[in-house]
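Asks: Please find one structure pasted underneath; my questions will follow.
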Amino acid sequence: MSPEVVKKEGILKKLKDGLSVVLEEFYQLAGKLEKDEEGVFRVEYDDGMTGVEVIEAVADEIGVADLTVEDGSSTLKELVPCNGILNLEGMHRPLLSVQLTKLKDGLAMGCAFNHAVLDGTSTWHFMSSWAEICSGSPSTSVLPFLERSKARNTRLKLDLSLPPDPLSSTNGDAKADPLLREKVFKFSEAAIDKIKSTINADLTSDGSKPFSTFQSLSVHIWRHVTHARNLKPEDFTVFTVFADCRKRVEPPMPETYFGNLIQAIFTATAAGLLSANPPQFGASLIQKAIEMHNSKVIEERNKEWESAPKIFQFKDAGTNCVAVGSSPRFKVYDVDFGWGKPESVRSGANNRFDGMVYLYQGKSGGRSIDVEISLEAGAMEKLEKDKEFLLEV
């Protein structure tokens, strides 16, 4: 074998060996969803289970540069396993599937996690711990907090089934999903500072709370996506953020809580009002919705769902929505497995719909943020040409 092949084989072995070690602490990811005798879902694990799925693949025709382009591509999707697989299928599929693809000049790591058992905070806790092991640490320095009943101790019988495929409808009214495009818009530290300072420049002197970086960038995206969609003034548009509730629940949970402790926070307004008013209008809606989502609201939402459980679908994010997931707080470019920081971090094909936004730490560091957006193709074309959105004015 050539030196380059030997090097890649060594990296693969180190990744798999490190995975075996880190799963000793994050063992739930090696289990599967089960129902107990009362019909209550739980994560079941024992040494006889298949565990995490690891797939090795070769794509000699693909280079790293092909995967760092701003537009989404079918090539990128092929490097992440479990496309189209739903969380409920974790009863007979692995909760974590990893695809390691040897490229022409590098390695692509595609990870598919079952979102029912962990959220973004837990995902990057796991990835950082895995990288720590591969970089030479004998054990995980920050252990996961696995006592999920501390956050909510309920036993609920669930009789869930997969939602119907809208394209298999027999009523003749089924419509194909709109053609979506995905693109990463890279906002430099200077651009982020400009967005935030501009929206905070005209705050009233009545004690109004300044808008955070997240709120400032979110309303910037919301307003310009709404404009690109060419909505009527009376059309409603919803802003949704999938918020970490670790510090919102009572009692608060540690940052190391391993599980899915997010809830969707919604706010809505008419497209005409969002566009006609200054950006502070939309930012105030987002700010108030986030601040109001306290332990009482979380408890009420949980009880509401438990009284009538259902599988959430994309349409539940809201009408003409902009839905924000992930967070630039996740230090994704600091996850170094021992041979350098990643060249690019992107989300896979799952959990994508018209208006879905993922925020990532910018590779250039500092306060830069990468904004990955999925939009109907016509709206994306308009957004790409919007100089005010791109801050090219």
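The values are calculated or read from the model by the stated rules, or taken from the named source; none is laboratory data. All values derive from a computational prediction rather than experimental measurement. Quick reminder, even Gly has a Cβ in these numbers, built from the backbone with ideal geometry, and neighbours come from all protein chains shown. For accessibility, only protein heavy atoms count, side chains too; no ligands or nucleic acids. Shrake-Rupley method; radii C 1.70, N 1.55, O 1.52, S 1.80 Å.
Asks: Heavy-atom accessible area of Thr123 with all protein chains present, probe 1.4 Å, nearest 10 Å²?
Replies: Result for Thr123: roughly 20 Å² accessible.
Asks: By DSSP, what percent of the beta bridges with both residues in the chain are antiparallel, rounded to the nearest 5? Present the calculation step by step, with values, prior to reporting the outcome.
Replies: Working: 35 of 49 bridges.
If I count the DSSP bridges inside the chain, around 70 percent turn out antiparallel.
Asks: Using +1 at the Cβ of each Lys and Arg and -1 at the Cβ of each Asp and Glu in the chain, identify which of Thr101, Thr123, Gly325 lies farthest towards the dipole's positive end.
Replies: Of the candidates, Gly325 comes out farthest on the positive side.
Asks: Say the dipole of the chain comes from +1 at the beta carbon of Lys and Arg and -1 at that of Asp and Glu; which of Ser20, Gly90, Asn350 then lies farthest toward its positive end?
Replies: Result: Asn350, furthest along the dipole toward the positive end.
Asks: Carbon and sulfur atoms: what percent of the 1.4 Å accessible area of the chain do they account for? If you can, show how the numbers build up before the last one.
Replies: Numbers: 10650 of 20380 Å².
Carbon and sulfur: 52 percent of the exposed surface of the chain.
Asks: Of Gly338, Ser275, Ala379, which is farthest towards the positive pole of the range 264-393's charge dipole, taken about the Cα centre with +1 and -1 on the beta-carbons of Lys, Arg and Asp, Glu respectively?
Replies: Gly338
Asks: Related question: By the gyration tensor of its Cα atoms, with a ≥ b ≥ c the square roots of the eigenvalues, what is the shape of the range 255-393: rounded for a/c under 1.5, prolate for a/b over b/c, or oblate?
Replies: Numbers: a/c = 1.66, a/b = 1.10, b/c = 1.51.
Note, shape of the range 255-393 comes out oblate.
Asks: Within straight cross-link reach of Lys315, meaning Cα distance under 17 Å, which lysines are found once same-chain residues fewer than 8 apart are removed?
Replies: Within reach: Lys175.
Asks: Still on this structure, I have one more. With contacts defined as alpha carbon pairs under 8 Å and 6 or more residues apart, what's the relative contact order of the chain in percent?
Replies: That works out to 19 percent.
Asks: Hey, got the dipole for the range 252-393? About the Cα centre, +1 on K and R Cβ, -1 on D and E Cβ, debye to the nearest 20? Before the final figure, lay out the partial values.
Replies: Details: 16 positive and 19 negative charges, 27 e Å.
So the magnitude is around 120 debye.
Asks: Same structure again: Once the convex hull of the C-alpha atoms of the range 82-150 is built, how many Å³ does it hold per residue, rounded to a whole number?
Replies: Values: hull volume 8.7 nm³, N = 69.
Considering the Cα atoms of the range 82-150, their hull volume per residue is 126 Å³.
Asks: If you don't mind, another one. Mind listing the Cα extents of the range 1-124 along all three principal axes, in Å, largest one first?
Replies: So the three principal-axis extents are 55, 32, 24 Å.
Asks: Can you pull the accessible area of Lys14 for me, 1.4 Å probe, Å² to the nearest 10?
Replies: 90
Asks: Still on this structure, please answer the following. If DNA, RNA and ligands are ignored and the probe is 1.4 Å, what is the ranking of Phe281, Phe211, Phe236 by accessible area, most exposed first?
Replies: Values: Phe281 65, Phe211 10, Phe236 125 Å².
Correct descending sequence by accessible area is Phe236, Phe281, Phe211.
Asks: For q = 0.14 Å⁻¹, what log10 I(q)/I(0) does the range 68-121 give under the Debye formula with an equal point scatterer on each alpha carbon and no solvent?
Replies: Taken in order of the listed q values, log10 I(q)/I(0) reads -0.45.
Asks: Same structure again: Counting heavy atoms of the protein chains only and a 1.4 Å probe, report the per residue accessible area for the range 199-297 as a whole number of Å².
Replies: Working: 4640 Å² over 99 residues.
Per-residue value: 47 Å².
Asks: Something else: Going by a ≥ b ≥ c, the root eigenvalues of the Cα gyration tensor, does the range 176-278 fall in the rounded group (a/c under 1.5), the prolate group (a/b larger than b/c) or the oblate group?
Replies: Values: a/c = 1.61, a/b = 1.20, b/c = 1.34.
Verdict is oblate for the range 176-278.
Asks: Relative to the compact globular guide of 2.2 N^0.38 Å, what is the alpha carbon radius of gyration of the chain, as a ratio?
Replies: Working: Rg = 21.8 Å, N = 393, 2.2 N^0.38 = 21.3 Å.
Rg over 2.2 N^0.38 Å, computed on Cα atoms: 1.03.
Asks: Could you sort the peptides 246-253, 109-116 by per-residue average Cβ neighbour count (10 Å cutoff), highest mean leading?
Replies: Numbers: 246-253: 15.1, 109-116: 20.0.
Taking the mean over residues of other Cβ atoms within 10 Å, the ranking is 109-116, 246-253.
Asks: Please list, or write none, the lysines whose alpha carbon is within less than 17 Å of the alpha carbon of Lys303, excluding same-chain residues fewer than 8 places away.
Replies: Partners within reach: Lys150, Lys157.
Asks: Here's another thing I want to ask about it. Arranged from highest to lowest average of other beta-carbon atoms within 10 Å per residue, in what order do the peptides 282-289, 345-352, 220-227 appear?
Replies: On the way: 282-289: 19.8, 345-352: 17.8, 220-227: 22.8.
Going by the mean number of other Cβ atoms within 10 Å, highest first, we get 220-227, 282-289, 345-352.
Asks: Here are some pairs, Lys331/Lys382; Lys77/Lys341; Lys16/Lys341; Lys186/Lys382; Lys77/Lys232; which of them have Cα atoms lying more than 24 Å apart in this structure?
Replies: Working: Lys331/Lys382 31 Å; Lys77/Lys341 21 Å; Lys16/Lys341 18 Å; Lys186/Lys382 17 Å; Lys77/Lys232 34 Å.
Distance filter (> 24 Å) returns Lys331/Lys382; Lys77/Lys232.
Asks: For the range 1-62, what does the accessible surface come to per residue with a 1.4 Å probe? Please give it in Å².
Replies: Details: 3740 Å² over 62 residues.
Computed with neighbouring chains in place, this is 60 Å² per residue.
Asks: Given R₀ = 22 Å, FRET efficiency for Asp47-Glu147 by Cβ-Cβ distance, to 0.05?
Replies: Values: r = 22 Å, r/R0 = 0.99.
Using R0 = 22 Å, I get an efficiency of 0.50.
Asks: What number results when the radius of gyration of the range 332-389, computed over Cα atoms, is divided by 2.2 N^0.38 Å?
Replies: Working: Rg = 14.0 Å, N = 58, 2.2 N^0.38 = 10.3 Å.
The range 332-389 yields a ratio of 1.36.
Asks: Here is a follow-up. Hey, can you rank 15-26, 318-329, 290-301 by average C-beta count inside 10 Å, highest first? All intermediate terms of the calculation are to be shown ahead of the outcome.
Replies: Details: 15-26: 17.8, 318-329: 19.9, 290-301: 13.8.
Packing proxy ranking, top to bottom: 318-329, 15-26, 290-301.
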